[in-house]
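Report on one structure; see the data block that follows.
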Amino acid sequence: MQIEQLTCSIGAELSGINLADAIRDDALFADIRQLLVEHKVLFLRDQDFSRAEHVAFAERFGALEDHPVAGSDPEHPGLVRIYKSPDQPMDRYENAWHTDATWREAPPFGCVLRCIECPPVGGDTMWANMAMAYEMLPEHVKVQIDGLRARHSIEASFGAAMPIEKRLALKEQYPDAEHPVVRTHPDTGEKILFVNAFTTHFTNYHTPERVRFGQDANPGAADLLRYLISQAYIPEYQVRWRWQPNSVAIWDNRSTQHYAVMDYPACHRKMERAGIIGDKPY
């Protein structure tokens with residue numbers, strides 16, 4: 001296996017291996033998992049494996065989860081199909097930096113995403129290192145956000161364009177989750193800045209220490225949250241991957257955000273993703 005680091009902050013490309021072999025090869029899988037924790041997102045080319053092998057490889061990390069909005073392959077539960085086609089309106093919702101499914105009480109551990117078909121140019125995906133985003137914050141901001149918690153909502157994101165009855169039913173099924181603004185990575189102990197496009201507001205900001213009068217509350221909290229979310233936008237924390245058919249990305253969802261760049265015209269872009277169930281952030 002060859003390992004090529006792609007940026008100074010995040011991402012490595014692996015070559016000389018077939019991920020399908022890691023289904024049965026314990027040593028190879030252990031190496032991949034360690035590299036994932038180290039580099040936060042791994043990339044591979046020319047991974048021509050079946051959907052069953054895709055699922056079997058992802059399940060080595062843990063049980064898979066389904067998605068309540070995106071469609072899954074009926075024969076392979078947990079394998080979510082993210083398909084764009086020229087005969088449907090282009091859904092631009094993906095143009096947002098996010099950590100997958102933080103609206104869950106236990107967001108995913110990570111994901112294994114394979115490209116089936118993609119535009120000849122465009123449609124890249126970007127990832128950001130949110131451990132570095134926290135590390136580089138000014139010290140006074142770290143003090144300010146210590147102990148803060150925030151709400152994450154599927155209703156305000158995937159549910160926003162739904163009719164009100166369907167949106168409220170989605171919220172009832174998946175109530176807003178509350179997470180620490182700074183989570184601790186369970187494998188490395190790193191501090192991770194853990195707010196993103198699913199985050200709606202802080203839940204414990206309005207205290208006498210932070211707010212003199214009620215008028216201080218909304219601007220202060222909203223401005224701070226906006227600032228924290230914007231840290232993913234900094235290029236020095238990012239890596240960008242250009243897709244080809246049978247390219248694969250594996251990312252640690254606990255320590256990264258990602259952004260699907262929808263800069264391409266209406267055309268086919270078919271991606272299949274296996275999301276691995278994670279644990280409750282602390």
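Summary table below
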quantity	calculated
Qualifying residue in segment 249-264 (condition: in a loop (DSSP other than H, G, I, E, B), crowded, with 24+ Cβ neighbours inside 10 Å, out of contact with any Pro (no Cβ under 9 Å at 6 or more places or on another chain) and not β-branched (Val, Ile, Thr))	yes
In segment 216-257, the residues that are of a type in the set (S, T, N, Q) and in contact (Cβ under 8 Å) with a residue 24 or more places away in the chain	231, 238, 244, 246, 247, 253, 255, 256, 257
Residue match in segment 19-35 (condition: buried (at least 16 other Cβ atoms within 10 Å of the Cβ), of a type in the set (A, V, I, L, M, F, W, C) and either without any contact (Cβ under 8 Å) to a residue 12 or more places away in the chain or under 27 Å from residue 157 (Cβ atoms) (or both))	no
Condition met for residue 10 (assigned to a helix (DSSP H, G or I), at pLDDT 95 or above, closer than 20 Å to residue 241 by Cα and among the β-branched types (Val, Ile, Thr))	no
Which listed residue is over 23 Å from residue 239 (Cα atoms) and either in a loop (DSSP other than H, G, I, E, B) or within 23 Å of the chain's Cα centre (by Cα) (or both), from 206, 140	206
Qualifying residue in segment 73-81 (condition: small (Gly, Ala, Ser) and closer than 20 Å to residue 37 by Cβ)	no
Restricting segment 105-137 to residues that are in a helix (DSSP H, G or I) and either under 30 Å from residue 63 (Cα atoms) or at pLDDT below 95 (or both), the residue that is nearest to the chain's Cα centre (by Cα)	130
Of the criteria (1) within 19 Å of residue 140 (Cα to Cα); (2) part of a loop (DSSP other than H, G, I, E, B); (3) modelled with pLDDT of 95 or more, which one residue 229 fails	(2)
Yes/no for residue 155 being over 18 Å from residue 98 (Cβ atoms), buried (at least 17 other Cβ atoms within 10 Å of the Cβ), under 23 Å from the mean Cα position of the chain (by Cα) and not polar (S, T, N, Q)	no
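The values are calculated or read from the model by the stated rules, or taken from the named source; none is laboratory data. Just so we're clear, the structure is a prediction, and the values are computed from it rather than from any experiment. A quick note on method: Cβ atoms are made from the backbone with ideal geometry, for glycine too, and the neighbour counts reach across all protein chains shown.
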